[in-house]
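Everything on this sheet refers to the single structure shown next.
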Amino acid sequence: QGQLVESGGGLVQAGGSLRLSCAASGTFFSIRVMGWYRQAPGKQRELVATLTSGGSTNYADSVKGRFTISRDNAKNTVYLQMNSLKPEATGVYSCHIATGPSHYWGQGTQVTVSS
């Protein structure tokens, strides 16, 4: 059984950068896709970025060109580099891993972008 722990959130001014980390512990079999999701206050959770086991990436239109998802296999960690942050990026960012039969979520990390 695997677990995910996010870190790296915080308060940043518009135009700034943050790097989120998602450390995976335990065992994950047959990972299909890893991703980051965001839930803004009063809104539904939305996809921010995904990275498949084959290396393909997908980004929400609102973050293309500014956010980058990556992984470090040796550290069992998934990252989300966020540049040129905008106030609308504020929310709780959660890490997600999908394996063959299962889905795993972290507890989330708060990102607040001030204008």
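The values are calculated or read from the model by the stated rules, or taken from the named source; none is laboratory data. Computed from a predicted structure; not experimentally measured. Because the Cβ atoms are built from the backbone with ideal geometry, glycine has one as well, and the counts that use them run over all protein chains shown. Surface areas here come from the heavy atoms of the whole protein model, side chains and all, with no ligands, DNA or RNA. Shrake-Rupley method; radii C 1.70, N 1.55, O 1.52, S 1.80 Å.
In table form, for the structure just shown:
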{"quantity": "Which numbered condition His96 fails, given (1) more than 15 Å from the chain's Cα centre (by Cα); (2) under 14 Å from Gln3 (Cβ atoms); (3) at pLDDT 95 or above", "calculated": "(1)"}
{"quantity": "Residue that is modelled with the lowest pLDDT [pool: residues in the stretch 60-79 that are in contact with a Ser or Thr (Cβ under 8 Å, 6 or more places away or on another chain) and under 14 Å from Cys95 (Cβ atoms)]", "calculated": "Asn76"}
{"quantity": "Criterion violated by Lys64 - all others in (1) open to solvent by 50 Å² or more (accessible area, probe 1.4 Å); (2) in contact (Cβ under 8 Å) with a residue 40 or more places away in the chain satisfied", "calculated": "(2)"}
{"quantity": "Lone unmet requirement of (1) open to solvent by 20 Å² or more (accessible area, probe 1.4 Å); (2) on the phi < 0 side of the Ramachandran plot for Val111", "calculated": "(1)"}
{"quantity": "Flag if His103 is without any contact (Cβ under 8 Å) to a residue 12 or more places away in the chain and within 16 Å of the chain's Cα centre (by Cα)", "calculated": "yes"}
{"quantity": "Cross-chain or 6+ apart pairs with Cβ under 6 Å, the stretch 6-22 first and open to solvent by 30 Å² or more (accessible area, probe 1.4 Å), then modelled with pLDDT under 95 and assigned to a strand (DSSP E or B)", "calculated": "none"}
